[in-house]
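I have placed the structure first, in the form of C-alpha cells, so that the comments after it can refer back to it.
The values are calculated or read from the model by the stated rules, or taken from the named source; none is laboratory data. This structure is a prediction, so every number in the text was calculated from the model and none was measured. Here the Cβ positions follow ideal geometry from the backbone for every residue, glycine too, while neighbour counts run over all protein chains shown. SASA here: full protein model, heavy atoms, side chains in, ligands and nucleic acids out. Shrake-Rupley method; radii C 1.70, N 1.55, O 1.52, S 1.80 Å.
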Amino acid sequence: MSVAKVRVYRGDKNGGEEMEYEVPLEEGMVVLDAIHFIQANYDGDLAVRWNCKAAKCGSCSAEVNGMPALTCKTRMDSLPLDKPVTVYPVKTFPIIKDLVTDVSWNYEVRKKIPPFTPAKDTEWIMYQEDVERSQEFRKCIECFLCQNVCHILRNHDEKNEFFGPRMLIKIAELEMHPLDTEDRKEFLREQAGVGYCNITKCCTEVCPEHIHITDNAIIPLKERVADTYFDPLLWIFSKFKAAD
Amino acid sequence: MEKYETHTHDVIVIGAGGAGLRAAIEASAQGASVGLVCKSLLGKAHTVMAEGGVAAALANVDEKDDWKTHFHDTMHGGKMLNNWRMAQLHAQEAPERVKELEHWGALFDRTKNGKIMQRAFGGHTWKRLAHVGDRTGLEMIRTLQDRGIHSGMDVYMECTITHLLKDGERISGAFGYWRESGRFILFKAKAVILATGGIGKAYKVTSNSWEYTGDGHALAYEAGAELIDMEFVQFHPTGMVWPPSVKGILVTEAVRGEGGILRNREGERFMEKYDPERMELSTRDIVARSIYTEVQEGRGSPHGGAFLDISHRGGEYVKKKLPSMYHQFMEFAEIDITKEPMEVFPTTHYVMGGVRVDADTTGSTVPGLFAAGEVAGGMHGANRLGGNSLSDLLVFGRRAGLGAAQYANEIRDNTLKIDDVDLEKATEEMLQPFENAEGENPYTVHQELQEIMGSYVGVFRTREKINEGIEELGVLKERASQLRIEGSRMFNPGWHLCKDLHSMLIVSEALAKCAYQREESRGAHSRVDFPDADNEKWGKVNSVISKDNGDMKIGTSPLSQMPEELKKIVDGGYK
Ligand SMILES: Cc1cc2nc3c(=O)[nH]c(=O)nc-3n(C[C@H](O)[C@H](O)[C@H](O)COP(=O)(O)OP(=O)(O)OC[C@H]3O[C@@H](n4cnc5c(N)ncnc54)[C@H](O)[C@@H]3O)c2cc1C
Ligand code: SF4
Ligand code: SF4
Ligand code: FES
C-alpha cells in the first residue's frame, strides 16, 4: 500500500508549526479521510470541522496545497503525491486551533441583513423561471471559501466596510425573490459595501457550488445601486434640490 | 470547583436542526426566552443534508391526495406500531407547515401553474414530496435559520450538552461545554427540548455525521425518561459502495422517485420478485432487504451492491432534478450517472426509536423535558417513509416549542434549584479522561463499537448473534470506562468522542436489547429466526427501555386504541 506524506498546520492563536504525518492511501480517499486517519492513529486532539463528508454542509473548508477547498471533496489522487500535501486553516479568519478558525463574524453580519418581506395579501403563486434566479444563490452551503479568497477581506481586512461575496449573494437572493418587497439598495451601498467589490471574480472561482457569484449576483446588485444613486439625471436633480 | 458561565432561559432547545429551529421559533413566538444550543455551527445540522423532499398532502400534483391517505400510508409504512395520534397530527398539519416555510422565504420547485411541485417517493400513494432539486434540507434549514436569527433567541453554537439537571422530578437546567475552549457552561431553564437527531455513528457504514451519537437519547434515558422501539433502525437501501472512503454516503431516494431502476449483476430488475406492484417505490425496509438478499445470493455488482440506473431519463433531466447526485458520483466515484448506473448498498440512516412523548405536546415522562424530530419515538413506528422526517420536524418542532413554552409559563418565577452535587459529578465525569494515564484510545473503542453493531445488530438479526453482540458490548463498556486522551480542553475531538461514546454505548445497548426481545420481523427489524410478523403478540406492543437503579430495564407497553374513524381510514379502500 502506498503512503502519502501530509503536513498539517498545528497551533492556535499564539502560534504553531507544521507537523508531518504518514498516511496510507486508500482508493478514492479525500483529504478529510487523511485528517481522520491522523486523529485516530497519531493525534487524537487534532482539531477539524466536518459534518456531511459529502460536500453539502460547508464545514470542512481549509487550504490544501495553498488552495482554498473543501477537504471532504478534495481527492488525494488529484494532488501530486510525490510531494507532501499541506493542509492549513483558511487565512481570512482568526485561527482557533489547528484547522479550525473563528468564522463568527459571518454570523454577525448576516443578522444585519433585512429579512424576506412579502406583501400582506400575497397569493403565493410563483413560476419556475422566476424562482430559478434566487434558487441559484440558495445553493450556498456557507463554506465561506469565497469570503476567504476575496482580497478585500483577506488582504485589506475591511470587514467593517464590506460584507463579502457570501453575504452579497444572500442579499441578491432576497432582492431577486419574486415575492419580496423590501428595498435593500441603500443597505447594500452603505452597510454591505457593494461598491468595494472590483469584480476580480476570485470568489466565483473557488465556489464549490459553482454559483456565479460575481456575474449573476454582484454585478446586477451593483447595477441596481448605480441606477438609483448614480443615474446622472437623478444626480443632477438631487444637486438642484440640495442647492435650493 | 470551577466557576461556570451561567445563562438563564425559560426554554433551552438542544439541537439546531429542523426540529430544534422550528421549536425555538415557536417558543420565542409564545414570548418565552429561548436559548438554542448546538454541537456544530448554526446551519450545519443533519437537516442540511436531506435531499429528496418533505412529505405533505398539498395535492398540487395529484389532486386526489389528502391527509387521510398520508395517514394511511404512514401507518402502513410503520407496520401499525406508530403512535396513531402523532401520525394523524403529522398528516393533518404538514401541508400548513410547508406553506408556512414558503411564507418565510423558501423557494420550492414549482408546478406549471405556479404552485409547489411534488414528486413520488417510496410508500407514498401519490406524488407528495415538496422539493428543491435534491437539496430540500438545505432550503429548509436556511429558511428556518433566517427566521430564527430574527426571532430574538440566543444561539449557543459549538456548545455540547452533556448532562440534564433536575430539581426533584422536574427538569431545572442543562450542563455542557464550549467546543472552542472546553470551558463548562450551565443553563438554568424551566423546560428543555431535546432535538438532537439520531444515532447513526454507532454503525460504520452510515449516512450520518459525527454529531449523530444519540446524545439526546442518552440524556433522556439518564434523566429518567422512557425510550421506545429502539430496535427499529432504518437502513436506507441506497448508500454509495465505492470507492471505500465514501461507503455509506447517501444516494437519495429521489433517484428512485424520478424513475431509477434497480438491477442485479445478471441485469434482472429484481424488485419484480419482491414487490411487483410498487417495484423501486416500495418501502425502504423491503428495498433494503431485497438488495441485501440479491448480494447474499451471489447476484451482486462488482463491489458488492446492486445497480441503480437513472440514465434512461436523459442527461438534461437528471442534471436538473438530481444535480447533487450527479456531482457526488462524478467527483467521488468518477461515474457519470447520466450515462452509467450507480452501485448501491444499504447504509445506516435513521432511527425510528426514541424518547417516548405525548403526541400533542411532545412532553416526555419527565416533567419539563420535551423531545421532537429524530430523537423522539413513535411517529414512524417500525419503518419511516421517505420525506416523512422533514415534515415530522416541522409539525412536532412547532408543537414542542408550543408545549414547552406553555409548560414554562406555568412556572412563574424560576425558583427551580440546581444541585451543586450534580454539577460536581458532571464536572468530574467530564474531566476523567484527562486523568487516566493508562487507558484506551477513544477512536479505537469507537471503531470496535461500530464493528459490533454492524456484525451483530445489522440488517439481518438472530437470537445468537444479538446475544453475542450484547456480551461484546458489555466488555466494551468496561473498557470504555477507562478512556485516555491527550492535549488540552480546547477544541479537542478526542475528548468529545469520550462523551459521545458514553451516549453511543447506552443507545447501542438499548437497541440490542430491544432487538433481542422482539421475536418477529416487522418493518426495519428483520429476525432471520422469526421471519414473519407476529401480529397477535408483537403487533400490539412497543418496546420500552428505562433506567432502573442504574440498570437498563427492558419491557413492553400496549399500543393505545385507535379511534374508529381512524381505523376506517387505515383499513380503507386504498391501494
Ligand atoms: C443524507 C441524508 C438525507 C436525508 N434525506 C431526507 C429527505 O429527503 N427527506 C426526509 O424527510 N428526511 C431525510 N433525511 C432524514 C432527516 O434529514 C433527518 O432525520 C432530520 O434532518 C433530523 O432532524 P433533527 O432536527 O431531528 O436533527 P438534526 O438536523 O440532525 O439536528 C440535530 C441537532 O442536535 C445537535 N446536537 C446533538 N447532540 C447535541 C448535544 N449533546 N448538545 C448540543 N447539541 C446537540 C446537533 O448539533 C444538531 O444541531 C435525510 C438524512 C440524511 C442523513
Ligand atoms: S469579485 Fe468582488 S467579491 Fe468576489 S473576490 Fe473579487 S472583489 Fe471580492
Ligand atoms: S457562495 Fe459558494 S464559496 Fe461562498 S460560501 Fe456559498 S458555497 Fe461557499
Ligand atoms: S464535511 Fe460537509 S462540506 Fe465537507
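Here are a few things to note about the model shown:
- The stretch A:126-162, residues that are away from ligand 4 (no atom under 16 Å from the Cβ), of a type in the set (D, E, K, R) and within 13 Å of chain B (Cβ to nearest Cβ): A:Glu129, A:Asp130, A:Glu132, A:Arg133, A:Glu136, A:Arg138
- Near pairs, Cβ below 7 angstrom, 6+ apart or cross-chain, from the stretch B:509-532 (in a loop (DSSP other than H, G, I, E, B)) to any residue that is of a type in the set (Ser, Thr, Tyr) and open to solvent by 10 Å² or more (accessible area, probe 1.4 Å): B:Val528/B:Thr462; B:Asp529/B:Thr462; B:Pro531/B:Ser521; B:Asp532/B:Ser521
- The combined condition, being at negative phi, surrounded by fewer than 22 Cβ atoms within 10 Å (Cβ to Cβ) and either in contact (Cβ under 8 Å) with a residue 12 or more places away in the chain or within 16 Å of ligand 4 (Cβ to nearest atom) (or both), is not fulfilled by A:Pro165.
- Residues in the stretch B:314-328 that are more than 11 Å from every other protein chain (Cβ to nearest Cβ) and surrounded by 18 or more Cβ atoms within 10 Å (Cβ to Cβ): B:Val318, B:Lys321, B:Leu322, B:Tyr326.
- On the stretch given as the stretch B:185-210, residues that are crowded, with 24+ Cβ neighbours inside 10 Å, within 16 Å of ligand 4 (Cβ to nearest atom) and not β-branched (Val, Ile, Thr) total 6.
- For the stretch A:141-150, the candidate set comprises residues that are part of a helix (DSSP H, G or I) and among the aliphatic types (A, V, I, L, M); within that set, the residue that is nearest to ligand 1 (Cβ to nearest atom) is A:Leu145.
- Of everything listed in (1) within 14 Å of chain A (Cβ to nearest Cβ); (2) within 22 Å of B:Ser209 (Cβ to Cβ); (3) touching a residue at least 60 places away in the same chain (Cβ under 8 Å), the single unmet condition for B:Thr444 is (3).
- Criterion: more than 7 Å from chain B (Cβ to nearest Cβ) and within 30 Å of B:Asp134 (Cβ to Cβ) - qualifying residue of A:Ser61, A:Ser2: A:Ser61
- Counting residues in the stretch B:214-234 that are aliphatic (A, V, I, L, M), in contact with a strand residue (DSSP E or B) (Cβ under 9 Å, 6 or more places away or on another chain) and either within 30 Å of A:Thr71 (Cβ to Cβ) or without any contact (Cβ under 8 Å) to a residue 60 or more places away in the chain (or both) gives one or more.
- Of the listed requirements (1) open to solvent by 10 Å² or more (accessible area, probe 1.4 Å); (2) within 11 Å of ligand 1 (Cβ to nearest atom), B:Asp392 misses just one: (1).
- In a residue-by-residue description of the stretch A:165-175, the property of being more than 15 Å from ligand 3 (Cβ to nearest atom) and over 18 Å from the mean Cα position of the chain (by Cα) applies to at least one position.
- Among residues of the stretch B:185-209 that are within 16 Å of ligand 3 (Cβ to nearest atom), none has a Cβ under 8 angstrom from a residue that is modelled with pLDDT of 95 or more at a sequence gap of 6+ or on a separate chain.
- Residue that is within 14 Å of ligand 1 (Cβ to nearest atom), modelled with pLDDT under 95 and either touching an Asp or Glu at 6+ places or on another chain (Cβ under 6 Å) or over 29 Å from A:Tyr127 (Cβ atoms) (or both), where the choices are B:Gly52, B:Gly35: B:Gly52
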